[in-house]
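The values are calculated or read from the model by the stated rules, or taken from the named source; none is laboratory data. No experiment lies behind these values; they were computed from the predicted model shown. Counting neighbours? That spans all protein chains shown, and the Cβs are built from the backbone with ideal geometry, glycine included.
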Amino acid sequence: MEERGNITDLEGKVIYNGLCCYCGACGAFCKEYITYEDDTPKTKEKCYEIYGACYDFCPRTFFAPFYVEREIFGAVREDNALGFYRGEIVTARAKEESITKRAQDGGVVTALLGFLLDKGEIDAAVVAKRTDGWKTEPFVATTKEEIIEAAGSKYTQCPSVLGLGDAFREGKSKVALVGLPCHIQAARKMQLSKNFDVGMDRMKLTIGLFCTETFDYELLVKKVADLGVKMEDVEKFNIKKGNFIIYAKGQEIKTPIKEMRPYMREACKYCVDFAAEFADISVGSIGSELGWSTVICRSKEGEEIMKEAEEKGVIEVKKLSDGDIESVRKLAVRKKKENLKNIYEKAEAVKVLNLMIEPEMLKKLTEFG
Amino acid sequence: MHTENKIDIKKRILEMVAEKAEPLTLVEIAKKVGISWSAAKTNVLELSQENKINVKKYGKSWIVWGKEKKEEKKTCSIYRRMG
């Protein structure tokens with residue numbers, strides 16, 4: 001379930017092929033050769049490794065979803081829209097006001113991280129922090145205050161996996177990673193890599209965020225300006241009920257999410273993971289009411305953490321109705337269907353032993369009469 | 001013994017070139033290392049072939065200077081799993 005390649009292969013197959021999701025995996029353990037400019041990995045000098053960690057860790061070179069599920073969760077999914085999960089899909093929110101004030105929705109991610117830090121179960125959390133304006137960078141948070149400061153959704157891509165490398169280099173040994181589906185996929189590849197060992201036993205938890213797409217920062221600035229808003233005045237972005245919403249100076253400016261497609265990062269068109277299907281715990285706003293977050297527990301560890309956090313009064317948890325869960329599933333399926341079309345257009349024929357099959361025709365191989 | 005002497009001579013030439021910040025002539029090398037000019041020339045040319053020093057002939061003189069030390073950058077090979 002692997003391929004091998006080096007930095008030149010990575011450039012050809014991913015970076016200059018429009019597939020790079022800027023997750024930071026390639027440069028997390030290769031600061032000497034890989035840097036980042038204009039939200040893209042750059043190599044001014046090539047190393048001479050015949051096959052490298054950059055290719056091995058990149059979620060866009062190869063990714064075996066069912067293999068990862070078997071290895072990480074012990075079983076393969078039954079729900080193809082939302083991936084493997086345990087127990088029920090619930091809605092939750094933080095109980096602490098300092099968190100809910102700052103949070104995008106329910107503040108569940110911030111509350112869980114703070115809880116685990118207080119307990120000593122983690123010594124750092126890799127989060128995305130706003131820098132100037134709405135640009136983001138990975139940040140290794142080691143206090144509850146730092147985690148709260150980094151709360152809230154950001155709609156541009158952040159190379160969060162770089163933060164994992166930074167955390168390990170700083171000597172952290174119990175690290176939580178908060179990321180989008182692509183970050184989580186990269187982290188799982190790093191954990192399961194048969195070729196490279198970067199000490200991933202130090203990553204204790206992954207919290208994945210629901211994601212339909214990220215936006216190109218410069219294009220987003222332009223779109224926000226077109227809507228009559230200065231980027232520096234934006235207090236919050238949100239996506240709700242088919243609208244992209246900008247909150248600025250007491251105003252709410254809405255635009256249909258369909259109109260945001262031209263401002264999307266190109267690589268997001270080839271992603272079929274909406275609900276962060278490979279995280280220990282997945283969190284998002286879809287399906288929950290305002291001020292609450294939808295939570296999906298996937299691993300045993302994730303389930304135990306949620307249970308303990310509820311028992312200790314860190315979060316409150318409610319059941320989600322079937323209708324609300326269906327709305328999550330609907331959005332996941334919509335993303336998969338739309339992006340699978342893009343994947344089929346871009347992909348070459350798949351080889352199954354000697355048979356060369358166009359990806360969109362694979363079903364025909366197994367359906368008879 | 002002849003081989004040991006040869007290795008020793010080459011080592012002493014490299015040390016000398018590294019110690020001096022400026023280019024040297026074969027005469028200087030031969031005198032300092034305690035060998036003949038001809039032996040100095042042979043060893044210097046061999047070292048040049050091995051890509052360990054630079055040497056150039058200017059008229060009748062041979063000028064020798066050291067190679068710039070290229071700091072080897074770390075690659076992901078340090079993380080490679082064995083076996």
Filter result (surrounded by 17 or more Cβ atoms within 10 Å (Cβ to Cβ), within 14 Å of chain B (Cβ to nearest Cβ) and of a type in the set (A, V, I, L, M)) within the stretch A:1-56: A:Ile7, A:Leu10, A:Ala25, A:Ala28, A:Ile34, A:Ala53
Which listed residue is within 18 Å of A:Gly24 (Cβ to Cβ) and assigned to a strand (DSSP E or B), from A:Leu177, A:Leu164: A:Leu177
Lone qualifier among B:Lys52, B:Lys41, B:Lys56 - being within 9 Å of the chain's Cα centre (by Cα) and away from chain A (no Cβ under 14 Å): B:Lys52
Yes/no for B:Thr75 being of a type in the set (Ser, Thr, Tyr), within 14 Å of chain A (Cβ to nearest Cβ), surrounded by 15 or more Cβ atoms within 10 Å (Cβ to Cβ) and on the phi < 0 side of the Ramachandran plot: yes
Spans of helices (runs of 4 or more DSSP H) in the stretch A:54-143 with at least 3 residues more than 28 Å from A:Lys236 (Cβ to Cβ) and hydrophobic (A, V, I, L, M, F, W, C): A:65-73
Meets criteria (over 27 Å from the mean Cα position of the chain (by Cα) and at positive phi) for A:Leu365: no
Subset of the stretch A:39-60 (residues that are at pLDDT 90 or above and touching a Cys at 6+ places or on another chain (Cβ under 7 Å)): A:Thr40, A:Pro41, A:Gly52, A:Ala53, A:Cys54, A:Phe57, A:Cys58, A:Pro59, A:Arg60
Qualifying residue in the stretch A:226-247 (condition: of a type in the set (A, V, I, L, M), modelled with pLDDT of 90 or more and over 28 Å from A:Val328 (Cβ atoms)): no
In the stretch A:5-38, residue farthest from A:Leu220 (Cα to Cα) [restricted to those that are out of contact with any helix residue (DSSP H, G or I) (no Cβ under 7 Å at 6 or more places or on another chain) and assigned to a loop (DSSP other than H, G, I, E, B)]: A:Glu32
